[in-house]
């Protein structure tokens, strides 16, 4: 079981949270001007790195707030937690590697 530190409530068991997918995925700027293929890629194509990955989580059975977690997909070790809407911390591992794309979320 993972112990996830909510950005507002502190450490809690993973059963209190729900995974929300890859963090920092930028919403298309011109939704009406993109093709069906581009829209499909935005909806379904995500990074799948081996190593540190920025993810979105919601504290569903707690404060109900969204936050981001940098978690290793190999060891499940969490190296950074920060509120949604903020940039990934410079000190977070894998900052310049795969899965570190910065966007609107």
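Laboratory data are not the source of any read-out in this text; all were calculated from the coordinates shown. Bear in mind that the values here come from a model prediction, so they are computed numbers and not experimental data. Here the Cβ positions follow ideal geometry from the backbone for every residue, glycine too, while neighbour counts run over all protein chains shown.
Among 54-61, 6-13, how do they line up by average Cβ neighbours within 10 Å per residue, starting with the highest? Before the final figure, lay out each step's value.
Working: 54-61: 18.9, 6-13: 14.0.
Per-residue mean Cβ counts within 10 Å order the peptides as 54-61, 6-13.
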Expected sort for 40-51, 66-77, 14-25 on mean C-beta neighbours within 10 Å, highest first, is 66-77, 14-25, 40-51
Quick calc: nm separation of the 7 Å Cα→Cβ label points for residue 18 and residue 65 -> 1.9
Taking 0.36 nm per residue of separation between residue 74 and residue 48 and subtracting their Cα-Cα distance, the length gained on full extension comes to 8.2 nm
Rounded to a whole number, the Stokes-Einstein D of the chain in µm²/s (Kirkwood radius over Cα pairs; 25 °C; 0.890 mPa s) is 170
